[in-house]
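Rule-based calculations on the coordinates, nothing more; no lab input. Keep in mind the model is a prediction, meaning the values are calculated, not measured. Cβ atoms come from the backbone with ideal geometry, glycine included; neighbour counts cover every protein chain shown.
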Amino acid sequence: MVIRVLVADDEPMIRSGARAILASDPEIVVVAEAANGGEAIQLTRRYRPDVALLDIRMPGLDGLAAAEEIRREVPETSVVMLTTFGEEEYVVRALAAGTSGFLLKASDPRELLTGVRAVAAGAAYLAPRVARRVLAEVGAGQLARGITARERIAMLTEREREVLALLGAGLSNGEIGQRLFLAEGTVKSHVSAILTRLGVRNRVRAAILAYESGLVAPGA
C-alpha cells in the first residue's frame with residue numbers, strides 16, 4: 001500500500017531534502033508540497049494525503065495552526081510536525097493540536113521514514129529527543145497525575161485496557177491485532193472508543209495516560 005505524503009516547509013531546500021528521503025522508499029510518494037500553513041491546508045483538502053509533514057514555523061499560518069485545521073477538516077490525514085533543535089517546547093501544543101508524530105530536522109534521515117510509516121500505520125511517533133522531553137514533562141507531578149489517570153483508565157473495559165497498554169508501548173493497530181488475535185478493523189474501533197472514553201484527541205495523549213496510570217512501564 002502506497003503512503004501518500006504532503007510536505008510543508010517555507011524553505012525549498014528542506015522540502016527538496018524531505019522529498020528525496022521519502023522517495024527512497026518505494027512505498028511512499030509525495031503528492032504535494034506547500035510553502036506555508038495556508039497552502040498546506042488547501043492542498044490537504046485537495047489531495048487528502050495519508051500523512052501531512054508540517055514545519056512548525058512558517059510565514060503566515062504556522063504549522064501548529066495548520067495542524068489544528070487539517071485535523072478538523074480532514075481527520076483521516078495524520079500530522080507529523082517537523083522542527084529544529086531547541087524548539088521541543090512546542091511539543092505540548094503540537095500534541096494538543098492532534099499531532100501524531102514529532103521529528104527534528106537534525107534527525108537521521110531514516111527516522112523520517114520510520115516516523116511517516118509509523119503514523120501512516122495508525123501509531124504515534126516521537127523522535128527520541130522529543131520522547132525524553134515528553135516523559136520528563138510527565139514525570140513532574142507523577143503521583144498526583146497517576147491517581148487521576150488510574151481513575152480515567154478504570155472506565156475502560158478489560159479489552160480496551162489491553163489495547164491501550166499495547167498502544168502505549170508504541171504498537172500500530174496491525175501489531176496490536178496480531179498480539180491480541182483481533183482484526184485490524186476491530187482494533188481501530190477499540191482505539192476510537194478508548195480516545196472517546198478518555199477524552200483525548202490522539203494516540204500520543206492516550207499513551208501518556210497509559211504511562212501515568214502505570215499501565216505501561218517506563219521504557220516499555
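Taking K and R as +1 and D and E as -1, what net charge do the other residues with C-beta under 11 Å from the C-beta of residue 41 add up to? Could you put the intermediate results ahead of the total?
Numbers: positive: 45, 46, 71, 72; negative: 39, 68, 69, 73.
After counting each charged neighbour, the total is 0.
In whole angstrom, segment 1-119 maps to an equivalent ellipsoid with semi-axes of 18, 16, 14, each derived as √(5λ) from the alpha carbon gyration tensor and ordered largest first. Taking a sphere under 13 Å around the Cβ of residue 179 and counting the other residues whose Cβ falls inside, with K and R at +1 and D and E at -1, yields a net charge of -2.
Based on the inverse mean of 1/r over its pairs of different Cα atoms, what is the Kirkwood hydrodynamic radius of segment 44-114, in Å? Don't jump to the answer; show the numbers that get you there.
Details: mean 1/r = 0.0816 Å⁻¹.
Kirkwood radius, segment 44-114: 12.3 Å.
Using only alpha carbons, build the gyration tensor for the chain and give me the equivalent ellipsoid semi-axes, biggest first, whole Å. Mind showing how you got there, number by number?
On the way: eigenvalues 166, 73, 48 Å².
Result for the chain: semi-axes of 29, 19, 15 Å.
When the Gaussian network model of the chain links Cα atoms closer than 10 Å, the mean-square fluctuations of 26, 12, 49 top out at 26. Farthest towards the positive end of the charge dipole of the chain, among the residues 75, 187, 65, is the Cα of 187, using unit charges on the Cβ of Lys, Arg, Asp and Glu.
Each label was represented as a point 7 Å from its Cα along the Cα-to-Cβ direction; for residue 154 and residue 13 these points are 5.6 nm apart.
Under a Cβ-only charge scheme (Lys and Arg +1, Asp and Glu -1), can you give me the dipole magnitude of the chain about the Cα centre, in debye to the nearest 20? Intermediate results must be reported in sequence, preceding the final value.
Details: 27 positive and 27 negative charges, 106 e Å.
Computed about the Cα centre, the dipole is about 500 debye.
For the pair residue 46 and residue 29, the difference between a 0.36 nm per residue extended length and the Cα-Cα distance amounts to 4.6 nm.
Under a Cβ-only charge scheme (Lys and Arg +1, Asp and Glu -1), can you give me the dipole magnitude of segment 174-220 about the Cα centre, in debye to the nearest 20?
Numbers: 6 positive and 3 negative charges, 33 e Å.
Computed about the Cα centre, the dipole is about 160 debye.
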